[in-house]
1. Evaluate the relative contact order of the stretch 34-78 (contact order divided by residue number), counting alpha-carbon pairs under 8 angstrom at least 6 apart; express in whole percent.
2. If you place +1 on the Cβ of every Lys and Arg and -1 on the Cβ of every Asp and Glu, how big does the dipole about the Cα centre of the chain come out, in debye to the nearest 20?
3. Could you work out the relative contact order of the chain, using alpha carbon pairs under 8 angstrom and six or more residues apart, expressed as a whole percent?
4. In a shell of Cβ-Cβ distance under 14 Å around I98, excluding I98 itself, what net charge do Lys and Arg (+1) and Asp and Glu (-1) give?
5. Before I look further, what does the chain give for accessible area per residue, probe 1.4 Å, in whole square angstrom?
Amino acid sequence: MIANGQGPNLDSISVTGALSVTSIKGGSLTLRAEDAIGTGGRVSDIHDGADGEAFFDYTSRTDASLEWRVDSRTASEAELLFRYALGANAPRTMAVEINGVVFERVFTFDPTGSWTNWQTASLRTDLA
């Protein structure tokens, strides 16, 4: 996932659907921000409510990115559920890349009311 502007604080991504990933057949997989590969921002714990130990803070940079790796043995439809907080007054958008290809050029995260109010945004896609 690559920022296309100031991103929200991202806590995790849950991948659900007909997954065929290592040790998971169907069901869901939750990946924490602190376990992802981040550039341009920082892993932080200054706001309460993250499910894991911390979240990824985009620090108002337009070139920040956070990458999760999901190895799927077969192509399958999946839902990506992003858990985030956005205390700004306006939505923020990001681009979502899958396998190096921009899948969703403008994916919108709506304000959550505060940096400690966590919500989810979902996106359906094919994983290969």
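The values are calculated or read from the model by the stated rules, or taken from the named source; none is laboratory data. Keep in mind that this is a model prediction, so the values were computed, not measured. Cβ sites come from the backbone with ideal geometry, for glycine too, and all protein chains shown count toward neighbours. Note: areas computed on protein heavy atoms with side chains; ligands, DNA, RNA excluded. Shrake-Rupley method; radii C 1.70, N 1.55, O 1.52, S 1.80 Å.
1. Working: 52 pairs, mean separation 19.3, N = 45.
Reported as a whole number, the value is 43 percent.
2. Numbers: 10 positive and 17 negative charges, 46 e Å.
Dipole about the Cα centre, nearest 20: 220 debye.
3. Working: 333 pairs, mean separation 41.0, N = 128.
The value is 32 percent.
4. Numbers: positive: R69, R105, R124; negative: E67, D71, E77, E79, E97, E104, D126.
Value of the local net charge: -4.
5. On the way: 6590 Å² over 128 residues.
With all protein chains present, the chain gives 51 Å² per residue.
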